[in-house]
Amino acid sequence: MWGVLLGTALQLQQAQLWPGSGYAVIAVVGALLSVLMMRWAVPRAWLDRIACCVAAAILLYGVAGWRAAQQMQTQLDPALEGVDLLVDGVIVAMPQTVAAGQRFRLAVTAAKRAGQTVTVPPLVDLAWYGSWSPAPSKASLSAAADAVPHLMAGQRWRLPVRLKAPHGSVNPYGFDYELWVWEQGVQASGYVRVARAGGDPALVPQHLSDGQGYPVERLRQQVRDAMVQRLAPDAEREDADGASRARIAGVLVALVTGEQRAIDREDWQLFRTTGVAHLMAISGLHITLFAWVAAVLVSALWRRSARLCLWLPAPRVALVGGVLCALAYAVFSGWGVPAQRTVLMLTVVVLLRLSGRQWPWYVTWLLACAVVVLAQPTALLQAGFWLSFLAVGILFASDLGEPSARPAGASQRSNAISAMAKLLREQWVVTVALTPLSLLLFGQVSVIGLLANLLAIPWVTWVVTPLALLGTLVPPLWDVAVWAMKPLMACLQWLAQLPGAALWFPQAPWWAAAAAVVGGVCMVLPLPWQLRMLGLPWLLPAICWQPLRPDAGQFTLLALDVGQGQAVLVQTARHSLLYDAGPVYGPGSNAGDRVVVPTLRALGAKGLDSGTLDMLVISHADNDHTGGAAAVVQQLQPAQLMGSLMPHERRRLGMEGPAPWRDCVAGVRWDWDGVRFEVLHPQDTPPVVASAAKLPHTGNSRSCVLRIAAAPIAGHSAVALLMGDLEKAQEQNLVQASQNGASPPLRADFLLAPHHGSKTSSSAAFLEAVQPHWAIAQTGYRNRFQHPAAPVVQRYADLRIPLLSTVACGAAQWHSYEPLALVCLRQRQPHFWQHQVQLSPALQAGILQEAVDDGIGEINP
């Protein structure tokens, strides 16, 4: 079993896959070795165990690699990205309603391009949007959504689509979207092409038939739609009670059908702060308790017939019935990875009990781990896998896995008190032991999590969830479930508002986190309290860890991978500055919540003096620069705000009042820890608005340009230029001002490519004046603006300036004390499931060879 885990873990570390035949050979060798180990045991027991472990590791390395290689064969041909295709397929999962349309998963049965049959991945994720205005309102979004047909699982469609390979952002400690879609078996995503008025008649989706299988998904969708129609029929209601009811309806939908996206983003934040997020979606806890309740009911019904009990003992029937009911619940809830993992664990335990084997708890626990990994190798990379199995293992190891003995004749009251004490102790044990692991995985500790879970676990488990499930048979019970959920939500909101309700810590290195996990486990083992307290010192490295900061006079710069937008973190020895906050991804979704805030918290990006982000600079008002600003201001509470924004733009972004505001004007300068910050553009303050009826916009021409200069090292002072969306005319002004001595020299080592590499920027004269070692364009994969533009890429190449895009690089890190080196996270931590993107022509030409040869660079051309 250890060999299963070891072999799979080693295979998951591969950056690139070998041919499937190579893995097949390895698997055969491992199988032969395993057979030999079973037939000819080694005389020494410990050596025999090691040999068996190695044989199993070789076997599973080959099996896991062969499965991955087979899946890789279904990836999308790059030649088919972004072209018009006509695909036939069946909707295989419950479609999800989003702003202005729907998202759904399609099993493709046929595909054509210009009448010629082509091969596309068998499973794709698609979006179908109606038309809506560039500045959508609730009315326009609703109208656009109504224009899309009501899709149902099991429907067969012929759709004009455009596809692309799944491509996610790569940031420090960020969510791995590409791993998530790999686990789902999805190898392409895209959208439905719909003909507008007078458009191409070929772009007309055709509904071919209904009821093409997938009855469970159709039932799930019917239940979800019925719940939404009953509990939140009017999504546009603005009154507080209506909004509360609609949000609670989303929680109930998630509990019944497993659709986690039904939960509002603010509610997810509330649940994470209070530590109860695991309760508000289908989790191992729900399925295990459902199996236990089902087993009790099956046993009670079976015992009513003496003939049945003589045929099969009731305890055995109860075990099988509980697992089958858990399987049915897991399938109905969407058969997600956590549900699969729980059903497999329960099946292993039940089969062992039915076989009569009395294995030690740790062997049973390890076997369940191995079975889960056999079914889904990437489970080893999931936070839920480690949290679930560590929790179960701790309960066993702390001698809480078996029910406590009760004295004969004990009263119901004493039994209830004993059960409550056992519940409290179990919750305390799991909380103490898993808090270090949660800190390692999420960088967050809910201080009030123990209290919140003591209230929420029994209420959600024994009241809300049963009412919501029974509501599928008796719909009025859904209304009762809403009323039952309201006091819990109010209590959670009150707890979340307490000072220090949740703490965020910088992400500790693996050795400190591992030590903290050991310390947490030690504190709950059945040992004398003096020995348990020895676990406390083991917690200190993870809790007290602070990431390394640059020396005085130097700075580091991190260009985040936020898609088609901009966000750059600058850190000195004791201060942190964020330049722009990323784009808006859609209604209720932005880079601030999804990328910027989690990354900055994981990196401990705050001022050591202020205890928070020292400054947020907004270059100008475009959505791809300001989309995450409100989230950053609300959650990171910058000590100072600066930018090139009109007063009404600051009000729209919630940037009036929370911190002092300073206009971004040429000549503004300050020093942090020996690092000089200076604004080069614009030359004047934003104009005063004469009339409220005419509200001007701070466009690209007023982008705040920031120059950052480090203290000299060996006679050279490293400089970075952050340009926003500045265009050619303003670039020329900067060149002239620099030549006339009116502003500092433009020569820089690092350049944030103006306007993401647009044709409107990066003029030859400007680039010749800057002559950077590195230039980064923060862009989205296959963005509709085609940034960076081909002529601009060629211009950089002609001047021998390495231009990288965050599409190929991921987040890019640069240090002023190593100006010739640049770290690309996508290149530094490659995995075989990641989408491989070609680097820029400049890199392919080998311009970086000198830096690589010096051992400074992290990128191989």
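What's the FRET efficiency of W661 with D798 using the Cβ-Cβ distance as r and R₀ = 35 Å, to the nearest 0.05? The calculated FRET efficiency here is 0.25.
Label separation (S717 vs R574): 2.1 nm, computed from points 7 Å beyond Cα along the C-beta direction.
Using a cut-off of 11 Å between beta-carbons, work out the net charge of the residues near P647 (Lys and Arg +1, Asp and Glu -1, P647 not included).
Values: positive: R650, R651, R652; negative: E649, E656, D663.
Every neighbour counted, the sum reads 0.
With no solvent and one point on each alpha carbon, what is the Debye value of log10 I(q)/I(0) for segment 525-590 at q = 0.20, 0.27 Å⁻¹? Values returned for q = 0.20, 0.27 Å⁻¹ are -0.87, -1.08. In the chain, helices alone account for a calculated mean residue ellipticity at 222 nm of -13500 deg cm²/dmol, with every DSSP H run of four or more residues adding -39,500 (n - 2.57). Applying 1/(1 + (r/R0)^6) with R0 = 56 Å to the Cβ-Cβ distance of L374 and A729 gives a FRET efficiency near 0.35. Considering only G65, Q634, A737, the residue lying farthest towards the positive end of the dipole of the chain is G65, judged by Cα position with unit charges set on Cβ.
About the Cα centre, and with charges only on the beta carbon of Lys, Arg (+1) and Asp, Glu (-1), how big is the dipole of the chain? Nearest 20 debye, please.
Values: 61 positive and 53 negative charges, 539 e Å.
Its charge dipole is roughly 2580 debye.
Over segment 45-119, what is the relative contact order in percent, taking alpha-carbon pairs closer than 8 angstrom and at least six residues apart? In percent, rounded to a whole number, it is 22. Average accessible surface for the chain: 46 Å² per residue, computed with a 1.4 Å probe over protein heavy atoms with every protein chain in place. A simple spin-label model places the labels of Q358 and R316 1.9 nm from each other, with each point 7 Å out along Cα-to-Cβ.
In plain terms, the chain from L454 to Q546 could stretch by 29.9 nm, reckoned as 0.36 nm per residue minus the Cα-Cα distance. Taking 4.7 Å between beta carbons as the limit, the unpaired Cys residues of the chain are C52, C53, C309, C325, C369, C491, C522, C544.
Positive-end ranking of V837, G604, V124 along the dipole of the chain, with charges on Cβ about the Cα centre, is headed by V124. Computed extension gain for Q493 through Q427, at 0.36 nm per residue and net of the alpha carbon distance, reaches 21.6 nm. Ranking A790, Q771, Q827 by how far each Cα lies toward the positive end of the dipole of the chain (charges on Cβ) leaves Q827 at the top. The distance between label points at R265 and N740 comes to 4.4 nm (points 7 Å beyond Cα on the Cα→Cβ vector).
Long hydrophobic helices in the chain: the complete DSSP H runs spanning 30 Å or more by Cα along their own axis with mean Kyte-Doolittle hydropathy of at least 0.5 are 45-72, 412-442, 476-496.
Computed from the C-alpha gyration tensor, the three semi-axes of the ellipsoid equivalent to the chain are 48, 32, 31 Å, from longest to shortest.
So if we plug the beta-carbon distance of K112 and W335 into 1/(1 + (r/R0)^6) with R0 = 30 Å, what FRET efficiency do we get, rounded to 0.05? Computed FRET efficiency for K112 and W335 comes out at 0.45. Rounded to the nearest whole Hz, the Karplus-based 3J(HN,Hα) values (6.51 cos²θ - 1.76 cosθ + 1.60, θ = phi - 60°) of segment 656-661 follow the sequence 10, x, x, 7, x, 9, with x at glycine and proline.
Magnitude of the Cβ-charge dipole of segment 773-843, K/R +1 and D/E -1, about the Cα centre, nearest 20 debye? Working shown, then result.
Working: 6 positive and 2 negative charges, 41 e Å.
Result for segment 773-843 is approximately 200 debye, rounded to the nearest 20.
For V118, the residues 5 or more places off, or on other chains, whose built amide H falls under 5 Å of its own are A111, K112, R113.
The accessible surface of the chain, taken with every protein chain in place and a 1.4 Å probe, is 60 percent carbon and sulfur. Rounded to the nearest 20, the size of the Cβ-charge dipole of segment 576-718 about its Cα centre is 180 debye, with Lys and Arg at +1 and Asp and Glu at -1.
The values are calculated or read from the model by the stated rules, or taken from the named source; none is laboratory data. Given the structure is predicted, the values throughout are model-derived calculations rather than measurements. Positions of Cβ are generated from backbone atoms using ideal geometry, with glycine treated the same way; all protein chains shown enter the neighbour counts. Side chains included, ligands, DNA and RNA excluded: accessible areas come from the protein's heavy atoms. Shrake-Rupley method; radii C 1.70, N 1.55, O 1.52, S 1.80 Å.
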